[in-house]
1. Could you give the C-alpha radius of gyration of region B:110-204 expressed as a fraction of 2.2 N^0.38 Å, taking N as the number of residues it contains?
2. What nm distance separates the two modelled labels at residue B:11 and residue B:444, each placed 7 Å from Cα along Cα→Cβ?
3. I need the phi-derived Karplus couplings for region A:429-444: 6.51 cos²θ - 1.76 cosθ + 1.60, θ = phi - 60°, integer Hz, Gly and Pro marked x.
4. For chain B, find the longest principal axis of its Cα atoms and tell me its angle to the long axis of helix B:113-122, 0 to 90°, nearest 10.
5. Say R0 is 56 Å: what FRET efficiency, to the nearest 0.05, do residue A:443 and residue A:75 get from their beta-carbon distance?
6. Based on the alpha-carbon gyration tensor of the protein assembly as shown and its eigenvalue square roots a ≥ b ≥ c, which shape applies: rounded if a/c is under 1.5, prolate if not and a/b is larger than b/c, or oblate?
7. Filter B:483/B:561; A:292/B:208; B:10/B:483; B:208/B:475; B:269/B:483; B:233/B:339 down to the pairs with a C-alpha to C-alpha distance above 32 Å, please.
8. For the residues B:562, A:169, what sequence is obtained by ranking on other C-beta atoms within 10 Å, fewest first?
Amino acid sequence: MPPPADLADNELRRQLATLSLSHVHPSGAMEAIAAASWWNMLARLGLRLPLVVVHDFGLLLSRNREGSRREVAAAAQAPALARYRALLAALGSSEVIQDLGTAPLRDETVAVILARLLSDVYLRWNGRPRASTDIHELPMSSPAYDGDRAAQARELDPAWCLPFLQRLCEHERAVMARLDQIDAGVLRLLGLFSFQAGVSDLADLYQVVSTSGAADIVDFSLQLLPSLLETKRRPAAQRFSIDGYASVERRGNLDGLLPGELAHDDEIFTQKALCDDLLYYGHERQQETGRKLHYMLIDASASMRGARQVFARGLALALSKKFSLLGGEVWVRFFDSRLHERLDVGSSARRELPRLLSFRSERGRNYARVFAELAVEIGRLRREQGRDVALTFITHAECHIPTATVEALARDAYLYGIFILPSKPIDLEYLTKLHRYQVVTAESLSRAAEKRRRALEIVEDVAGG
Amino acid sequence: MATRDEIDTKDRADRALRAGRAREALGLYATLLAKVSVFEPGLYESWLEGALAAYQTMGRNREAGYVLLGLRRFAEAQRLFPVEERPLEWALCASRQGRHGEAARVLAEAGHPALAAVELETAGAHTAARLEWERVVRDPRLAGIPYETALAHFNLGEALLRTNDRGAADRELTITQRLLELLADDFESRGERERAFDCYSILLRLGKDTGSFENVAEGYLNGIRILASDDQKFYVLQYYDDFLSYAVEQQEWYAAAQLAREAADYSVKAGLVYDRYYLTRAAELWAEAARQNEAAGGPTDLSENALHAGIDAASALGDLPLCGRLYGALAALPLAAKKRTRYRALAVRYTGPAIELPAAVPFPEYLRRPGAYQDIWRQDLVEWELDGDPTAVLARLVVERTDHVRFSRLALRALLLCSSPGFSRDDPRAAADLALALGKIQVYEVLRPLERLYEHSSPQVRAAVMGGVGQVYCKRSFSLVRKGLADPAAPVHIEALRALRGLRFRDGFDPLTQIFRDFTDENIRIAAVETIGELGSLEAGLFLLDTLRHETGALRGAAHKCLVNFAGDDITATVRQYLDLEVGENREALQRVLRSLNASN
């Protein structure tokens, strides 16, 4: 239930009153609105900072965005705020801020960087609002934005945020150290994404930037990309009477019939024709990929924790790219005890990437259920839509699926299993029912070149299926 | 020191006994035995000796045997239990005398293969134990009860591992794993998180038994997730700490480093002081992950990212010299020149003498809970096998709950009650007395017998079950209370309401809120609010604030009253927050709450 509008207005006025303590100028209604927008995003990430901090830090981060140079005030408004002003000055003159200033940053990026800079201090601040059931978004349209800040401060004393400013100043070096960590790597990751500014997008993005494994996944996938980009669509044979001959086929038109077939007597010819036993020349054509569906499942359960997760997702990213290049549709889904929503990695890869990198399971496993549901879905795709499905699942060595389910799946799809880093010899009863499978062992990943070679081998093998 | 009254009563009882008035003596001893919280050495035992003599004089050997169990004189007790009539008690005595094989034989013949198997394992007779577990697996009573079936397969799997039959063990453990996955998912979907937790505990054990890190991770991380959602802070940290050690032992560096970081984040969120320790561990472990990767000739970017994660932890810690050292390690990696130059500059910027930081306090030993890892795969199967038979459950409690002598004494009193010659469970009054006596013991084990008694046709008994269960502070108690609240008999409903008000313990928050949501009867909902009001936790405070702000009438009034008298975690900051946001009636109510809270602080 959204909070009533008057509650949100009250919160806005309380927050705007803190801008009377701002030390970044110039600042008017537009800057306040921008700060409120960042504040809302931070609130979605669980950080409900005083607006003045969001405003001052945010404006410094994005100061080249609208072409207007914002500056830190030359002097502090009050002696108690001198240290805060000095912190802002140090921030404004840092290399990272200078570098960031050369390129415009999106609001989401600003919010995520602010979260990175300030979350340590915020989360250890005793005065932070404790667990709350309401999320109060600040309204983006209100006459209060044009109000006089001094008057707003007189109406609602902003002193409540001073302990946070003090704490921030006490941890100045830690904040600056955080800033130094925002390097090209983080920005490169951010550059890979596109946004629709939803809550989950933002949370995923923050998760990506805060999670060490995400960078590994991207790095791992990027290592494979040059090889994957060499992928060419393979030619195939067709029955229409165009282009050159490419093959001998069991089906075709009369004009493609092998001359030798006409040498049979009438009875044998008729029998062979009825049994589809006649041979025809096939013509070269592009592969029929329109109905091909590459369905990829990535195990997100707690069992994948650590290096398994990095390799599984990196491999999934690379495979998605490979399948896209080969043509056909690519579906990616995470699974644990549920099949999670489909990620459209084929056509909206940039939008889906944060989720792919940072998806975190909040459930246990239930492979019997997941694969039974999948068998029903794939059966339907094949029967009702005539889809040609290739199902690849990336999991661990304890993924026990009932054999009957695997058999059902193998009837309707090309079934490929990839088992990452088994901690003991793999012993899954259904392995022989899969069309193919690969086991990625720790030994095969120990050397950089070997890891890449092994990964490419898997990608090629899966794609070849 | 015994009181004057106790000495007099004992004297009178002894005199009556000597005069051949055993019945009168027994009554007096029973009065004394009701004082279960007497801890003067030898005093309670002297009363037991008196009761024993009285029983023996009256020829009530079975009860005398139970008293001897309480006195821990198992050889004498055993002689009073004919093996054909009381095999379980006989075996209990044999077991306590170290004669596990004999105990197992009798238990097996009496249709208790699980108990027999446990005895055989204690005796080290693993092959024989395996046969008993096989009997359990084949037991037709397991049909349709998947949880107990999973436990049976698990126990058999472990037995097969002990007899080195690896292939068969793997088959049994695979069945166990599949069943547990299904069950945990079902339990969680139905909101029975503590039962899902049990499943994950077994998966954890299964993983350790078979050397499967994947299963250990599944067990620990899902266990942590459930414990965290129940706000079991110290259990969560103990689990994190233990899993961290296991991951390091298994050289799963990535997982270990991630866990340390998560433990630190959790500690901060929970308001505990261990974050600095876990951040230090995370920084160390990421550095170790990078080192190991380099040593194995792994990709440099993996080392680079690991060191970045280490710097992330170090800067959260405020340990800038450590950041400097890790930047130094980054600069030493075979990276592009531009990167190395930057890392070198950062290393110089942060390197300096060690700075004085607040102490990094590790999770202390004294906060480790001894009950964090229970062998529920045994306990729950034994519960199934005894099927709520009060005599069997109570006899075991008398013998085994020596950690809390009060529980053992209360169990003995209940046992004597249901063993007296005139006792019949068909008699509503007797069954009701038993229900109350069971409830007084207040341990988890009595819940199954209470659940069985609730099946009684007499409302008097069902009402007494409510009276009993209202004293057992376990989440499972709420499922009986819910039945009582929906019971068509008014006395049962009234007692269930009373039980609901009695179950005031912090872990009860979730079941209480569930009752608040599920029932429409206003009296029940008010009782739930008032009980939550007594919990004193932050989440209880937030619940009351929400009820005050969003409900009306008597419910709102109840929440307001609870908030005004709220004692426990400090909720004033949250009330102030809401005060800034609320208007009208709600604002006035919050002002009253804040005034009251400030006055009481």
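1. 1.10
2. 4.7 nm
3. Each residue of region A:429-444 in turn: 5, 9, 3, 5, 7, 6, 5, 8, 8, 9, 10, 9, 9, 4, 4, 6 Hz.
4. Tilt relative to chain B: about 70 degrees.
5. Calculated value: 0.30.
6. The shape class here is oblate.
7. A:292/B:208; B:10/B:483; B:269/B:483; B:233/B:339
8. Exposure proxy ranking, most exposed first: A:169, B:562.
Coordinate-derived values only; no laboratory data. Source: prediction; values computed, not measured. We place every Cβ from the backbone using ideal geometry, glycine too, and count neighbours over all the protein chains shown.
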